[in-house]
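Asker: This structure is in structure tokens; I'll ask about it shortly.
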Amino acid sequence: MKTIIRPALMLAALLPFAACGDDNSTGPGRYSGTLDFQYSGAYSGSFHAESDVLPRDFDTGSAVFGQRTQDVAGDEAYIFAQQDGPGSMVDNLIFSVADPAVGTVSCAIIDENCPLSAILVLGDDGAREDDDADAILLSSAGSVTITSITDKRIQGNFQFTMSDLFEDEQTVTRITSGSFDVPLLSSTDGLGGSLSRMSPARLSRSR
């Protein structure tokens, strides 16, 4: 399963940088970002990701940023975060919000019109492509509040209820106290469709 999930996350992470040459805003803080949350239930712990430069390598280390795609498929914001762990271990979170705007959206993912979705990958060895992650969790419900959004940055709070991709869906992990303040990077035309195919919502529907 890692052969499906990890390339999905990495593609989502790498696509925004094809367009960064068009962005002349390279002053201090342009690429700085943070994302934090707590999680409990079937799995428990804390998550912290931060970066202040444009990352190039997502095998290991900490990284966080957003991408907004606007195309024929719609308007969607993606938030990607990677927490650095011991050795080459990492945890990843990616979540998406359709039609992003200041305000709060809450829904259950089973609702076909739910504009939210998330995937959390815990205990992934970034140095080994053939190694399975400890857990792959998909969202079943969630709430995202966007407090500020511009063409360069997005900030807000979130919480999700997650279920294990391979376990009983009644066994849940709850993400709480989530917060993000990340650079919002643009993609070139045509890449948004590829990113959408790797979205957490599609992965949720495929299980």
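The values are calculated or read from the model by the stated rules, or taken from the named source; none is laboratory data. Please read all numbers here as calculations on a predicted model, not as lab measurements. All Cβ positions, glycine included, derive from the backbone under ideal geometry; neighbour counts span all protein chains shown. The protein model used for the area step is the full one, side chains on, heavy atoms only, and it has no ligands, DNA or RNA in it. Shrake-Rupley method; radii C 1.70, N 1.55, O 1.52, S 1.80 Å.
Asker: On the accessible surface of segment 33-185, probed at 1.4 Å, how many percent belong to carbon and sulfur atoms?
Answerer: On segment 33-185, the fraction of accessible area on carbon and sulfur atoms equals 44 percent.
Asker: Give the shape of segment 36-101 as rounded, prolate or oblate, defined through the alpha-carbon gyration tensor: a ≥ b ≥ c are the square roots of its eigenvalues, a/c under 1.5 means rounded, and otherwise the shape is prolate if a/b is larger than b/c and oblate if not.
Answerer: Cα axes put segment 36-101 in the oblate bin.
Asker: Describe numerically, in nm with one decimal, the distance between label points set 7 Å from Cα along Cα→Cβ at Ser177 and at Asp132.
Answerer: Spacing of the two 7 Å Cα→Cβ label points: 3.2 nm.
Asker: Based on the Cβ-Cβ distance of Lys152 and Ile110, what FRET efficiency does E = 1/(1 + (r/R0)^6) give at R0 = 35 Å, to the nearest 0.05?
Answerer: Approximately 0.55, to the nearest 0.05.
Asker: If the chain between Phe166 and Ala73 were fully stretched, how many nm would it gain, using 0.36 nm times the residue separation less the Cα-Cα distance?
Answerer: Extra length from Phe166 to Ala73 when fully extended: 30.5 nm.
Asker: Further, regarding this structure: Which cross-chain or sequence-distant (5 or more) residues have an amide H under 5 Å from the amide H of Arg153, H modelled 1.01 Å from N in plane?
Answerer: The answer is Leu184.
Asker: Further, regarding this structure: What whole-number volume per residue, in cubic angstrom, does the convex hull of the C-alpha atoms of segment 33-185 give?
Answerer: About 117 Å³ per residue, rounded to a whole number.
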